[in-house]
Amino acid sequence: MNDTPNVLKKLIASEFHDEEARRQYAHDMLDAFIALQIKTLRQQRGLTRRDLADLAAVETSRVSAMERIDHQKWDISILRRIAEALDLALVLRFESFGQFLNEVSALDRASLERPSFSEDPAFNEPASSDERNPTHLRGARILDFPSCDAAATQTTEAHPVLPNDSGVIYG
């Protein structure tokens, strides 16, 4: 059994006790992760850099730059266009360093690949008649977050979100 990933994880974890090292590692890995994932997803779909650039309506040189692991000037609007061109959702999130360490330690090609919508198993199962005509979901909210204005001014209360017997959340 190859113990190298565990040794690497322990080494990185020990470095994370230094705040500056932890932050720098997170910055560097974010840049590398985005670059590697763009390249991996492009290759997974059999696209050239020019193909992806055309689909995303950006210059080929922009795609080339974004695939370099030292690229640091990320533009959310361009990342959105790349995601749309690849038929994927762009997800940005804040993460604990523990979870970040787990993800970095497990980084490989398979962890970077994602199916496009048409190949996504979550959407390839035949739908039941209720799923094709979800009248029972009218008025349902999956999540209920206060608006940014409400959160900023604290003038609006959040509505409670409760599941019903079918597991659908209504607010």
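From the list LEU47, LEU90, which residue is modelled with pLDDT of 95 or more, at negative phi and buried (at least 16 other Cβ atoms within 10 Å of the Cβ)?
Working: LEU90 fails: buried (at least 16 other Cβ atoms within 10 Å of the Cβ).
Exactly one of LEU47, LEU90 is modelled with pLDDT of 95 or more, at negative phi and buried (at least 16 other Cβ atoms within 10 Å of the Cβ), namely LEU47.
If a residue has to be part of a helix (DSSP H, G or I) and in contact (Cβ under 8 Å) with a residue 12 or more places away in the chain to count, how many in the stretch 64-78 make the cut? If you could, list the steps in order and put the result at the bottom.
Taking the stretch 64-78 first, the residues part of a helix (DSSP H, G or I) are 64-66, 76-78.
Of the ones still in play, those that are also in contact (Cβ under 8 Å) with a residue 12 or more places away in the chain are 64, 66, 76, 78.
Residues meeting the conditions: 4.
Using beta carbons and a limit of 7 Å, which pairs, at least six apart or on different chains, have the first residue in the stretch 31-57 and within 18 Å of LYS73 (Cβ to Cβ) and the second one outside any helix (DSSP H, G or I) and among the charged types (D, E, K, R)?
ASP31/ASP70; ALA35/GLU67; ALA35/ARG68; ILE38/GLU67; LYS39/GLU67; ALA53/GLU59
For the stretch 79-94, how many residues meet the condition of being within 17 Å of LEU47 (Cβ to Cβ), in a helix (DSSP H, G or I) and out of contact with any helix residue (DSSP H, G or I) (no Cβ under 6 Å at 6 or more places or on another chain)?
3
Take ILE69 and decide whether it is of a type outside the set (Asp, Glu) and surrounded by 11 or more Cβ atoms within 10 Å (Cβ to Cβ).
Working: of a type outside the set (Asp, Glu): yes; surrounded by 11 or more Cβ atoms within 10 Å (Cβ to Cβ): yes.
Against the criterion (of a type outside the set (Asp, Glu) and surrounded by 11 or more Cβ atoms within 10 Å (Cβ to Cβ)), ILE69 qualifies.
The values are calculated or read from the model by the stated rules, or taken from the named source; none is laboratory data. All values derive from a computational prediction rather than experimental measurement. In this analysis, Cβ positions are derived from the backbone assuming ideal geometry, glycine residues included, and neighbour counts consider all displayed protein chains.
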